[in-house]
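Each value in this text was obtained by applying a stated rule to the coordinates, not by laboratory testing. None of these values were measured; they are calculated from a predicted model. Cβ: placed from backbone, ideal geometry, glycine included. Neighbour counts: every protein chain shown.
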Amino acid sequence: MIVFEDVAKRYAGGYSALAGVSFEIRHGELVVLSGHSGAGKSTLLKLIPVIERPSAGRVLINGQDVSHLPPAAIPYLRRNLGLVLQENRLLFDRSVFDNVMLPLVITGHPPGDAAKRAAAALERVGLDGRGKEMPAGLSGGEQQRVAIARAIVNRPSILIADEPTAHLDPAYAADIALLFRSFNDAGVTVLVSTHDAGLFAASRPRRLVLAKGLLAEDSSTAGHPAAEASA
Ligand SMILES: Nc1ncnc2c1ncn2[C@@H]1O[C@H](COP(=O)(O)OP(=O)(O)OP(=O)(O)O)[C@@H](O)[C@H]1O
């Protein structure tokens, strides 16, 4: 469960990236976040794993208010989140397998089990047998699959992805969209930002649209004024 209560984010220098954003994402939902460049999508997503903190309002993850979470508690929060973020690039001097293993190695997971989980994650994204390769030898779409395998290797209940199909050919982008759908079908809560909401349309996701830092549209309340009023 992800809850935003009247969340604002003002960056140093005074720029207001989000203002009064409220919504609730229930377990098992597939949510597509869209909006123009600079609308605040990345900022909103970064508040969930506490890469950024809100200037006002509250963010709750599975009932826990993470807005003022002490730094020492952040790794525990992130263990339950799968993150495919712009800044989490692959390590190009490590193999595909080592990239996927990384979150488990960092958290001191037993090596044997970590290797099994990494192999299962690679299989899940259609890259079984490719673990020994180096990322530079993979296509953009395959590299993105490695990043997704790394995000799910901890078997998170929530998967968050920031523009995972950016810079991909349309066919690769459609494959990645289907992959997120399959995770959601398996019960994972998925929140994904994209410039191309049409990519996910076949999955009939809930749509959140940001415009200049405001929540301009929430398809779960659209056409239901009563729900909107009580939200
Ligand atoms: N660390 C930062 N410091 C100052 N301003 C920032 C910072 N990060 C983002 N901003 C500003 O906040 C606004 C929202 O940015 P954000 O990256 O959240 O938008 P976005 O919708 O993800 O855009 P895009 O689709 O281009 O990635 C932008 O005007 C951006 O310049």
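Using the rule -39500 (n - 2.57) for each DSSP H run of four or more residues, divided by the residues of the chain, the 222 nm mean residue ellipticity is -9500 deg cm²/dmol. Amide H to amide H, with H built 1.01 Å from N, Q86 comes under 5 Å of D162, counting only residues 5 or more places away or on other chains. Stretching R89 away from A73 to a fully extended chain increases their span by 3.4 nm, per 0.36 nm per residue minus the current alpha-carbon distance.
Size estimate for the chain follows the Kirkwood approach: the inverse of mean 1/r over distinct Cα pairs works out to 18.2 Å. Here the Karplus relation 6.51 cos²θ - 1.76 cosθ + 1.60, evaluated at θ = phi - 60°, turns the backbone of region 168-173 into coupling constants of 9, 4, x, 5, 5, 4 Hz, with x for every Gly and Pro. Each residue of region 174-183 is assigned a 3J(HN,Hα), and the resulting list reads 5, 4, 5, 4, 5, 4, 4, 4, 5, 5 Hz, derived from the Karplus form 6.51 cos²θ - 1.76 cosθ + 1.60 (θ = phi - 60°), x at Gly and Pro. Could you list the residues of region 21-40 with an amide nitrogen less than 14 Å from a label point located 7 Å from the Cα of A56 in the Cα-to-C-beta direction? What the label zone holds, given the 14 Å backbone N cut-off, is 21-22. Packing around the peptides 9-17, 202-210, taken as the average count of other Cβ atoms within 10 Å per residue, puts them in this order, highest first: 202-210, 9-17. Here the Karplus curve 6.51 cos²θ - 1.76 cosθ + 1.60, taken at θ = phi - 60°, turns the phi angles of region 13-29 into couplings of x, x, 6, 8, 8, 9, 9, x, 8, 10, 6, 9, 10, 8, 4, x, 7 Hz, with x standing for Gly and Pro. Fewest-first ordering of V3, V84, V125, V105 by other beta carbons within 10 Å of each residue's beta carbon gives V105, V3, V84, V125.
A simple packing score, the average count of other Cβ atoms within 10 Å per residue, orders the peptides 115-123, 159-167 as 159-167, 115-123, with the highest score first. Restricting to Cα pairs below 8 Å that are 6+ residues apart, what does the relative contact order work out to for the chain? Please round to a whole percent. Once divided by the residue count of the chain, the mean separation gives 28 percent.
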